[in-house]
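Comments concern the structure below.
Read the figures in this text as sums done on the coordinates, not as results from a lab. The structure displayed is predicted, hence computed values, not measured ones. Cβ coordinates were reconstructed from backbone atoms using ideal geometry, including for glycine residues, and neighbour counts include every protein chain displayed.
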Amino acid sequence: MFRYFVRRLLQGVLTFFGATFIVYALMFANQSDPLQALAGERPLPENVRQALTERYHLDDPFILQYGYYMKGLLTGDFGTSLTNRPILEMMEQAWPTTIRLSFIAIIIAVLIAVTAGIVSAIRRGGVFDNTTLVITLLLLSMPIVVLAPLAQLIFGMRLQWVPATAGADSGLFALVLPAFVLSSLVIATQLRVTRASVAENLRSDYVRTARAKGLADRRVIGVHVLRNSLIPVVTLIGTDLGNLMAGAIVTEGVFNIPGVGFMLVRGIRTEDGPLVVGFVSILVIVFLVVNLVVDLLYAVLDPRIRYE
Amino acid sequence: MTDIKAEIDVLPGLDSSARLLDVENLHVEFRTQAGVARAINGVDIHLDPGETLAILGESGCGKSVTAQAIMGILDSPPGFVTKGAIRYRGVDLLKLPEEQRRKVRANHIAMIFQDALSALNPVFSIGFQLGELFRVHRGTSRQDARRRSIELLDLVKIPAARQRINDYPHQFSGGMRQRVMIAMALALDPKVLIADEPTTALDVTVQAQIMNLLAELRRERNMGLILITHDMGVVADVADRISVMYAGKVVEEAPVLDIYARPAHPYTKALLESIPRLDMKGQQLNVIKGLPPNLLRIPAGCPFHPRCAYARDVCRADPPPQQYDVAPARTARCHFWTEVVGDEPAGS
Ligand SMILES: Nc1ncnc2c1ncn2[C@@H]1O[C@H](COP(=O)(O)OP(=O)(O)OP(=O)(O)O)[C@@H](O)[C@H]1O
Ligand code: SF4
Ligand SMILES: [Mg+2]
């Protein structure tokens, strides 16, 4: 178990440096003159140019620039964006918002997917099962670029059940609709996986044993089958996170939520290298940490992994 | 373990003078897409305390389905009991409401399965899986359940029970796992234990140990034991009586010694001749020719007739042979049982 953990940790470190390097390279390497790009049409005074060149180590070889940047990053110094705002400050606002949003989305997705998955696995071929099949197919075929504005139009503007947009310090309630939209990205797959997994486990020998022990169906399914069926679902949450982050870019844009996705879009549009690389680096870390946690959770759920 | 059991698990109508277990004219069918498979077509079985009944027959003859029907754990759908009675001390289990039926399991009738690895839940410790019985059926505390689980592991002779209680099924050897299954089945002190091929998945040496353990526990607790197997060699030492099944019926039932000496049904005889024997080393094994019937289309008359050396016209037409009384406590479903019994004993 410990070795497994260390191995995963080392893999994570490698992934981190690889991914950030690529993003860094994409953002900076092919800009002939990033400073001029920032200044736009205006001519840049020589002393300003020199100061900026110094600050961003633009005279050093590329790999060294990356090294300086990483050093700053790992000591908590994200530098300033090209618009001269401290990036740390922007992060302190954006990250909690996005984490809250994706957290609600994951909870919604798991609650709905696991419950519906169990019910349709138990009543295979029934009305409920067929209905969820149709709904999940619809969800899978509906891109979030369409779904997000559609949901906003219907629930936010027409019915006015929830606020149509969520501003800077948006409360939980304002995040419900965006979270629902976001969860639609992962709910369908999670539901299908839960259903398949429960259906398979229901047929297994240990279920027969559990029933032979005189346990009620509720306990057989809620304890014995559920614990086994959750194993693949939990693994899925790790990979789902990538989908959620991609979805957050669209969702936050549509609902005007100043989260990570929102910042990233702005940074990319204005070619703000430090901003984009800073956010992406943290994104990579979050992604790695969540996957590590998922792996550990996986081991908690399945003792056969734990004792390898 | 003389606790509140009596108060919790009284079944209304339980009659201690009635037979321990009496299965009568049991019919089970599986309604599948391919059609209705008649897996059990009138099984009669009875069992007394302290007795071992072996149920024998080729693969697919309905041994496990019979056991599952008695336990009430058939996969339903597709499986349905369509006729018959399963009386436990006079109470027809088939007529009980599900809630009471559920309490019969483990409390009165328990079962162990062939493959203990897949029969145990891989993600829970065996302490959890054992303790669960006490917590759910008896409402005992976690600690108490744990203490009793350790006692059970001791009972089935698992070394270092106190340490192993937290282990998971995959950490045990095959034989030890089957011991855990036995411990689980005996936890609530049932009166009937059904063992469905408990040793088939094990090494030969371990097989003997498990059989001995079962016999010992049966004796100590005066349980009725139903031992399902398709190995005629295994049952000779442990069983008191044998019921031989074919195509969902008991075709012969007899005390174990009688059946070995003089089988009264051609199928039993063929089974006996298929046992490898030491003095027949090197000779061709006499395997029964042909296949058991397709349960979707069981032939008219005696279902064994396509494979039977004694078959005549009367065997091929309905009605199928009735249950003839061969001797006291001995029956056979064969029109020509007198001829079969009269023949030379098998193998000599
Ligand atoms: N869940 C099920 N669905 C459909 N048919 C079933 C099911 N379970 C059993 N059967 C049918 O019932 C018949 C009897 O099966 P059973 O498991 O009782 O055989 P068995 O005598 O225990 O054989 P084995 O020695 O292989 O365990 C089989 O031929 C099978 O076709
Ligand atoms: S009834 Fe006929 S076919 Fe059936 S076992 Fe007896 S002799 Fe054979
Ligand atoms: Mg079987």
Under DSSP loop assignment and at most 15 Cβ neighbours within 10 Å, longest trypsin sites (Lys or Arg not before Pro)-free interval of chain A = A:1-122
request  = Treating the angle as unsigned and between 0 and 90°, give the value, to the nearest 10°, between the Cα long axis of helix A:2-28 and the longest Cα principal axis of chain A.
outcome  = 40 degrees
query = Where the eigenvalues come from the Cα gyration tensor of the range A:130-218, what are the semi-axes √(5λ) of the equivalent ellipsoid, largest first, in whole Å?
reply = 38, 16, 11
query = Amide H neighbours of B:Lys249 under 5 Å, counting only residues 5+ apart in sequence or on other chains, H built in-plane at 1.01 Å?
reply = B:Asn41
ask   = Using θ = phi - 60° and the Karplus form 6.51 cos²θ - 1.76 cosθ + 1.60, what ³J(HN,Hα) does each residue of the range B:127-134 get, whole Hz, x for Gly and Pro?
value = x, 5, 5, 6, x, 3, 4, 5
note = By the mean-Cβ-within-10 Å protection proxy, highest first, B:23-32, B:37-46 rank as B:37-46, B:23-32
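Let me spell out the model: positive unit charges on the Cβ of Lys and Arg, negative unit charges on the Cβ of Asp and Glu, origin at the Cα centre of the range B:183-253. What dipole size does that give, in debye rounded to 20?
240 debye
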key: Cubic angstrom per residue, convex hull over Cα atoms of chain B   = 149 Å³
note = the range B:65-221: Kirkwood hydrodynamic radius (Cα pairs, Å) comes out at 16.4 Å
ask   = Which ordering of B:His170, B:His305 is given by a fewest-first count of other beta-carbon atoms within 10 Å?
value = B:His170, B:His305
message = Please state the shape class of chain A: rounded when a/c is under 1.5, otherwise prolate if a/b exceeds b/c and oblate if not, all from the C-alpha gyration tensor.
response = oblate
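Per-residue mean of other chain beta-carbon atoms within 10 angstrom of the beta-carbon, peptide A:201-211?
6
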note = Dividing the surface of the Cα convex hull of the range A:187-308 by four yields a projected area in nm² of 10.0 nm²
remark   = Given pairs A:Lys213/B:Lys63; B:Lys63/B:Lys269; A:Lys213/B:Lys249; B:Lys191/B:Lys249 and cut-off 22 Å on Cα-Cα distance, the over-length ones are A:Lys213/B:Lys249; B:Lys191/B:Lys249
ask   = What angle, in degrees between 0 and 90 and rounded to the nearest 10, separates the Cα long axis of helix A:260-269 from the longest principal axis of the Cα atoms of chain A?
value = 40 degrees
ask   = R0 = 56 Å: FRET efficiency of B:Ala236 with A:Arg123, Cβ-based, nearest 0.05?
value = 0.75
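Rounded to the nearest 20 Debye, what is the dipole magnitude of chain A about its Cα centre when Lys and Arg each give +1 and Asp and Glu each give -1 at the C-beta? Don't skip to the answer; put the middle values down first.
On the way: 25 positive and 21 negative charges, 360 e Å.
Dipole size: approximately 1720 debye.
Using the Cα centre of the range A:177-269 as the reference point, and only Cβ charges (+1 on K/R, -1 on D/E), how large is the resulting charge dipole? Debye, rounded to the nearest 20. Please list the in-between numbers first.
Numbers: 11 positive and 5 negative charges, 72 e Å.
Dipole size: approximately 340 debye.
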key: Fewest-first sequence of B:Trp337, A:Trp95 by Cβ atoms within 10 Å of each Cβ   = A:Trp95, B:Trp337
request  = May I ask you to evaluate 6.51 cos²θ - 1.76 cosθ + 1.60, the Karplus curve with θ = phi - 60°, for each residue of the range B:306-321 and list the ³J(HN,Hα) values in order in whole Hz, giving x for glycine and proline?
outcome  = x, 10, 9, 6, 9, 4, 10, 4, 4, 6, 8, 10, 5, x, x, x
task = Provide, as a two-decimal number, the C-alpha radius of gyration of the protein assembly as shown over 2.2 N^0.38 Å, N being how many residues it has.
result = 1.34
request  = Could you state the angle between the C-alpha long axis of helix B:174-186 and the longest principal axis of the C-alpha atoms of chain B, as a value from 0 to 90 degrees rounded to the nearest 10?
outcome  = 80 degrees
For the range A:64-76, 3J(HN,Hα) per residue [Karplus equation, 6.51 cos²θ - 1.76 cosθ + 1.60, θ = phi - 60°, Hz, x = Gly/Pro] = 5, 4, 4, x, 4, 4, 5, 4, x, 4, 6, 9, x
request  = Give the long-range amide H neighbours of B:Ser125: residues separated by 5 or more places, or on another chain, with amide H under 5 Å away, using H modelled in the peptide plane at 1.01 Å from N.
outcome  = none
note = Non-local residues with an amide H under 5 Å from the amide H of B:His46, with H modelled 1.01 Å from N and Pro and chain starts lacking one, are B:Val23
ask   = So what's the net charge close to B:Met245: Lys and Arg +1, Asp and Glu -1, counting the other residues with Cβ under 12 Å from its Cβ?
value = -1
ask   = Could you work out the helix-only [θ] at 222 nm for chain B, with each DSSP H run of four or more residues adding -39,500 (n - 2.57) and the total divided by the number of residues, to the nearest 500 deg cm²/dmol?
value = -9000 deg cm²/dmol
task = Give me B:Ile73, A:Ile63, A:Ile305, A:Ile257 ranked fewest to most by other Cβ atoms within 10 Å of their Cβ, as a rough exposure proxy.
result = A:Ile63, A:Ile305, B:Ile73, A:Ile257
message = Just to check, using Stokes-Einstein with a Kirkwood Rh over alpha carbon pairs, what's the diffusion coefficient of the range A:94-269 at 25 °C and 0.890 mPa s in µm²/s?
response = 141 µm²/s
